[in-house]
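Asks: Quick one: the structure is below, and I'll ask about it shortly.
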Amino acid sequence: MKVGGLADVAGELPRALAALGVDIRLCLPFYPSIREANYDTHPILDLHLPHRPGEISVSAHQLEWHGVTVYLVDAESVREDVSIYGDVLREGEKFTLTSLAALQICQALDWKPDIVHANDWHTAMSIIWLTRHRETNPFWQDVIGLFSIHNLAYMGAGIEDILNDYSLPASEDARLPAWARHTPLPMALSQADWLSTVSPTYAQEIQTAEFGYGLESLLESRQDRLVGILNGIDQQNWDPAHDDALPVTFSVENIQPRVNAKGVLQEQLGLSEQDSVPLMGMVARLDRQKGVDLAFEALELIRDENWQFVLLGTGSEDYETQAQVLADAFQERVRIVLRFDETLARRIYSGADVLLVPSRYEPCGLTQLIAMRYGCVPIVRETGGLRDTVMPYDGDEGTGFLFQDADAKSLAAGIRQALAVYPSSDDWKDLQLRCMKQNHSWEITAGEYLQLYKQMIING
């Protein structure tokens, strides 16, 4: 069940930690589509969660998946909600129930963890429950809570009645603004023993008014227990040397076939097949955070330059309309594909010369990591994980082009810088090879989390 970068972490990090010898258990809702996939699951126990209108019956199931023990929580609210995200009240009920059931499963099985690691507001309730009950429940007495922030903007607002029904009353922490004291993510931020987020720069940014969403003072007060660890990518899954979705494969040792990948992509999109024309790609959710409007405006500003552009993604109806307007204005060199298409995404990474990532903010970002793996040079805003993963090109070093301000003029300047380098084939090839040699594997990320876990256990 995968939607976005949070799902990548939930799937890949436990596998990488297990490979390092960590006894880790993953818990998630037993979605109908998981049941339909016919995994080798088996029921392990039944639970009854305290709930103000009346106890809720929950069943727990287990499977072994890539060396990780997975607990699946089944209840009426899970079975009724076939989507992952959508209606906030459905989400609140489903995720609160799953978060609390995860802890009860551990206690019922007498498997006591050293650490409960919760991610974003959807599992914040496990941290809230843990910190409220461990003084009176001997089983949880010494267990440490780690809360990871993947995107501070999504807080779980509007489910305070659900929290009350599960005996999770509003926080009394004076460091929280009044509006945040009954909202899951801020409550967990104030109560967790340790906090982490998905890049070192984002850990600093969320302590400022620009990125803190009103929680910057709380986060600044907790900076000694706030750590930024970059996400990784599965380098076996994202490997241009063994990617069946590509028309040709290539590698650091033999990058020359990549030219053919570009030609096939241009042909597929109905663009003129010229290697001398730099092809820019963008694979993104069409919303304000991702800066798609900045890309549209920047392309207007560089209309006199030599380039082609392809956008793949879906999202805001307004941005989809703007994208079509752009395509109509540049019929010979702009292609817009408004759908989810993983095969085409991989072909864009492997065939485009440049990937635009003009995000207004980006906690970590995965597209720039994937693009570099495929020799597609990123142009990114200097923010969050983009800043931490793309090193500015200076003629001899660097892995991409960075621009500072979240406006079209600044992005256009970054694009022009890349277009100026592109005609120098040797310099461009060296730049591509440096991108492809970057190591952002989950093994590295897992190693940093393991060090953090050990630090938490030592310091409490």
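The values are calculated or read from the model by the stated rules, or taken from the named source; none is laboratory data. Fair warning: this is a prediction, and the values are worked out from it, not measured in the lab. With ideal geometry, Cβ positions are generated from the backbone for all residues, glycine too; neighbour counts draw on all protein chains shown.
Asks: Report, by residue number, each residue of region 40-76 that is over 24 Å from Pro14 (Cβ atoms) and either part of a loop (DSSP other than H, G, I, E, B) or free of Cβ contacts under 8 Å to residues at least 24 places away in the same chain (or both).
Replies: Correct list: Asp46, His48, Pro50, His51, Arg52, Pro53, Gly54, Glu55, Ser57, Glu76.
Asks: Quick check on my filter: what residues within region 372-389 are more than 17 Å from Val283 (Cα to Cα) and part of a loop (DSSP other than H, G, I, E, B)?
Replies: Glu382, Thr383
Asks: Further question on the same structure: Name the one entry in Val264, Val248 that is in contact with a Lys or Arg (Cβ under 8 Å, 6 or more places away or on another chain), farther than 22 Å from Leu386 by Cα and assigned by TED's automatic domain parsing to the domain that holds Ala371.
Replies: Val264
Asks: Would it be correct to say that Leu146 is assigned by TED's automatic domain parsing to the domain that holds His122, part of a strand (DSSP E or B) and out of contact with any Lys or Arg (no Cβ under 9 Å at 6 or more places or on another chain)?
Replies: yes
Asks: Still on this model: Go through region 126-149 and count every residue that is in contact with a strand residue (DSSP E or B) (Cβ under 8 Å, 6 or more places away or on another chain) and not hydroxyl-bearing (Ser, Thr, Tyr).
Replies: Qualifying residue count, region 126-149: 8.
Asks: Also, quick follow-up: Hey, can you tell me all the residues within region 77-111 that are part of a loop (DSSP other than H, G, I, E, B) and among the polar types (S, T, N, Q)?
Replies: Passing the criteria: only Ser83.
Asks: If you scan region 397-455, which residues turn out to be among the aromatic types (Phe, Trp, Tyr) and part of a strand (DSSP E or B)?
Replies: Across region 397-455, the qualifying residues are Phe401, Phe403.
Conditions tested, residue by residue: (1) farther than 27 Å from Val9 by Cβ; (2) surrounded by fewer than 14 Cβ atoms within 10 Å (Cβ to Cβ); (3) without any contact (Cβ under 8 Å) to a residue 24 or more places away in the chain.
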position: Leu402; (1), (2), (3): no, no, yes
position: Ala406; (1), (2), (3): no, no, no
position: Arg416; (1), (2), (3): yes, no, no
position: Arg434; (1), (2), (3): no, no, no
position: His440; (1), (2), (3): no, no, no
position: Ala446; (1), (2), (3): no, no, no
position: Lys454; (1), (2), (3): no, yes, yes
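Asks: Any idea which of (1) over 28 Å from Arg434 (Cβ atoms); (2) surrounded by 14 or more Cβ atoms within 10 Å (Cβ to Cβ); (3) not β-branched (Val, Ile, Thr) is the one Leu230 doesn't satisfy?
Replies: (1)
Asks: Part of a strand (DSSP E or B), more than 15 Å from the chain's Cα centre (by Cα) and not aromatic (Phe, Trp, Tyr) - does that describe any residue in region 357-371?
Replies: There is no residue in region 357-371 that is part of a strand (DSSP E or B), more than 15 Å from the chain's Cα centre (by Cα) and not aromatic (Phe, Trp, Tyr).
Asks: Every residue in region 1-39 that is among the charged types (D, E, K, R) and either free of Cβ contacts under 8 Å to residues at least 40 places away in the same chain or in a strand (DSSP E or B) (or both), please.
Replies: Those that are among the charged types (D, E, K, R) and either free of Cβ contacts under 8 Å to residues at least 40 places away in the same chain or in a strand (DSSP E or B) (or both): Lys2, Asp23, Arg25, Arg35, Glu36.
Asks: Another question, then. For residues in region 338-397 being more than 17 Å from Gly228 (Cα to Cα) and among the hydroxyl-bearing types (Ser, Thr, Tyr), which is surrounded by the fewest Cβ atoms within 10 Å (Cβ to Cβ)?
Replies: Looking at residues that are more than 17 Å from Gly228 (Cα to Cα) and among the hydroxyl-bearing types (Ser, Thr, Tyr), I get Thr343.
Asks: Restricting the search to region 255-277, which residues are among the aliphatic types (A, V, I, L, M) and surrounded by 15 or more Cβ atoms within 10 Å (Cβ to Cβ)?
Replies: Result: Ile255, Ala261, Val264, Leu265, Leu269, Leu271, Val277.
Conditions (1) more than 26 Å from the chain's Cα centre (by Cα); (2) buried (at least 17 other Cβ atoms within 10 Å of the Cβ); (3) not acidic (Asp, Glu), marked per residue:
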| position | (1), (2), (3) |
| --- | --- |
| His133 | yes, no, yes |
| Tyr154 | no, no, yes |
| Ala170 | yes, no, yes |
| Thr183 | no, yes, yes |
| Thr201 | no, yes, yes |
| Ile206 | no, yes, yes |
| Gly212 | no, no, yes |
| Leu215 | no, yes, yes |
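Asks: Can you confirm whether Leu326 is surrounded by fewer than 20 Cβ atoms within 10 Å (Cβ to Cβ), within 28 Å of Ala7 (Cβ to Cβ) and more than 18 Å from the chain's Cα centre (by Cα)?
Replies: No, not satisfied.
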